[in-house]
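Okay, structure first, notes after.
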Amino acid sequence: MRKPMRRTVAVVLLALVASLLGVVTPGTAYAVESMPEMQWTPVAATGYPQKLVSGPQGSVTLPCNIENGGSDLKTYNGSGQLVRSLPRTDTIDGVSNCITSPVVDKNGVLYGFPYSSEGESVTQGPNLLAYEGNTLKWKYPAHCGEAWNKSPLTVGADGNIYTVTQDSNGGVHLIGLAPELAAGQTQPTKVLDISIGGSCASELIAYKDGIAVGGWPTRFYSYGGKFLGDFPGGWINADGHTFTTGYVAGLVQSFSITKYDLRTGDVAWTNTASTSGANVQWAEARPLPNGGIAAVIKEQKMTAEGVPVTPTEYIYTFTSFNAYGIKGATAHIPIADVQGIQDNGWLPNVMIDDTGKLIVIWDYLRQMNNGTAYEVVPVVFDPSSGDVTYPTRMRSDDTYGGIASAEYGDAVSDDTLFIIARRDNVTKLYPVEVTGLGVDYSRSEVISRSPRQPASYVALGDSFSSGEGVTPFEAGTAEPQVNTCHRSEYAYAHAVSDNTGKS
């Protein structure tokens with residue numbers, strides 16, 4: 001199989017101007033078809049799945065869809081064979097078996113809530129379902145809020161399945177379920193049930209040592225159910241560290257990234273990610289496996305006085321920071337609004353794999369003699385070297401049935417970049433070969449982690465062991481002339497307890 005071309009940053013600056021953004025003279029049709037190498041034959045993807053889900057050994061799942069004509073949930077293995085098909089025409093507990101937001105564990109078992117739609121009404125099934133292949137493994141009663149607020153769902157590093165449910169009084173609970181049935185069971189064991197308040201619509205993010213309930217702020221819990229604190233909402237890596245991003249107004253708009261310390265919630269560092277003097281149009285960032293973060297930024301070139309250069313010129317800037325906020329390699333890709341191809345202004349899909357590569361997938365508009373066609377451009381940035389890798393862009397010479405994509409959700413797994421695209425008026429799943437890609441981070445790192453077993457632990461020591469120096473102190477232990485033993489939840493004994501699986 002053909003390997004994708006690797007270009008250094010210097011070469012990219014030249015090659016992408018001529019190739020990626022090919023200029024054509026007025027009145028000239030760009031009637032060239034281009035498709036990258038595929039791992040296996042593309043398959044139909046009726047409707048527009050909102051999110052692809054990668055699984056073990058290169059597998060991928062297309063969720064069921066209840067809109068645009070609808071489609072069944074299907075899973076393909078790393079060779080492109082259909083290994084799971086759940087017809088949406090089936091019913092489970094009186095609801096269409098259409099799982100629109102599934103999760104998959106490291107063994108390939110699929111979990112999700114079924115949904116049905118009648119006109120403007122959407123109904124969520126009363127049970128969380130677990131499927132091993134096409135076989136219903138178990139179901140568990142869990143339901144939270146209105147159907148449009150789909151119950152969040154995730155797989156923890158301990159292998160358990162986590163979701164939210166409401167009690168009879170409307171209280172929201174975070175629950176954990178064991179993935180396997182014990183002998184004689186028809187329902188899985190509930191390993192966690194804690195009241196968390198908040199909304200049913202909150203996102204659940206699993207990290208190595210617990211579950212974060214997304215929102216502003218984001219609430220962190222250990223797998224044993226211990227509340228660890230509120231932290232700013234943002235991107236969370238596999239270690240539980242949080243990143244927030246923001247735009248800074250001034251003579252020009254810049255883009256900054258802030259990292260927060262997991263234990264204290266304090267700012268670890270804040271850095272400007274955009275090019276000095278450039279005017280940022282938009283930016284997307286994702287955490288890296290090394291504890292840092294990578295970003296792609298669309299920048300408008302400016303003069304020294306903050307006035308746009310003439311003619312207007314834009315740059316895509318790829319950059320990264322390591323865990324300590326030190327800036328790494330940077331790559332710049334120029335783009336131009338010319339007749340040949342133009343940025344359509346949509347945000348691209350952005351992913352990180354577990355090797356630390358940033359994957360960006362753009363849709364572009366290409367002007368042709370008889371109209372406008374789309375093409376899809378995947379780009380891979382390696383923060384460790386600054387190299388940019390890109391497989392052949394996807395382009396069709398059919399104006400109305402040309403390639404159009406990327407807004408429907410993509411995935412990455414084992415040398416494969418999965419892209420949902422429409423070509424010749426048929427929507428398909430394209431398994432694009434991109435050698436060197438791993439699986440998606442941070443989910444892959446969490447679900448592949450060996451669960452840490454609970455342990456009994458007794459901590460002995462002096463005042464520093466109780467928490468001296470790690471504020472805030474527990475109430476009643478920091479009163480001058482009364483009690484100054486300075487006990488703290490951040491003492492090492494508590495830190496170890498939080499990570500043993502016990503609360």
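Every number in this text was worked out from the coordinates using simple rules, so none of it is lab data. All values derive from a computational prediction rather than experimental measurement. Virtual Cβ from ideal backbone geometry, glycine too; neighbours counted across all protein chains shown.
Here the calculated FRET efficiency for N322 and C485, from their Cβ-Cβ distance with R0 = 41 Å, stands at 0.60, rounded to the nearest 0.05. Taking all Cα pairs closer than 8 Å and separated by 6 or more residues, the relative contact order of segment 250-316 comes to 25 percent. In terms of packing, defined here as the mean over residues of other Cβ atoms within 10 angstrom, the peptides 187-199, 374-386 line up highest first as 374-386, 187-199. The distance between label points at T41 and D93 comes to 3.9 nm (points 7 Å beyond Cα on the Cα→Cβ vector). Label positions at Y247 and K301, each projected 7 Å from the Cα along the C-beta direction, are separated by 2.2 nm. Cross-link partners of K327 among lysines, defined as those whose alpha carbon lies under 27 angstrom from its own and excluding same-chain residues fewer than eight positions apart: K208, K259, K298, K301, K357. Counted residue by residue at 0.36 nm each, then reduced by the alpha carbon distance between them, the extension gain from I194 to D239 reaches 14.0 nm.
For segment 39-110, what does the relative contact order come out to in percent, with C-alpha contacts under 8 Å and a separation of six or more?
Working: 137 pairs, mean separation 19.9, N = 72.
After rounding, I find 28 percent.
The label point for K137 and the one for L347, both projected 7 Å from the Cα toward the Cβ, are 3.3 nm apart.
Between rounded, prolate and oblate, where does segment 166-230 land on the alpha carbon gyration tensor, with a ≥ b ≥ c its root eigenvalues, rounded for a/c under 1.5, else prolate if a/b exceeds b/c?
Working: a/c = 2.47, a/b = 1.51, b/c = 1.64.
Verdict is oblate for segment 166-230.
Looking at segment 209-306, the GluC sites (Glu not before Pro) that sit in a DSSP loop and have at most 11 other Cβ atoms within 10 Å of their own Cβ are E305. Efficiency by 1/(1 + (r/R0)^6): what FRET value for D266 and S385, r their Cβ-Cβ distance, R0 = 35 Å, to the nearest 0.05? For R0 = 35 Å, the calculated efficiency reads 0.65.
Would you mind getting me the FRET efficiency between T435 and S34? Use the beta-carbon distance for r and R0 = 22 Å, nearest 0.05.
Working: r = 18 Å, r/R0 = 0.84.
The pair T435/S34 has a calculated efficiency of 0.75.
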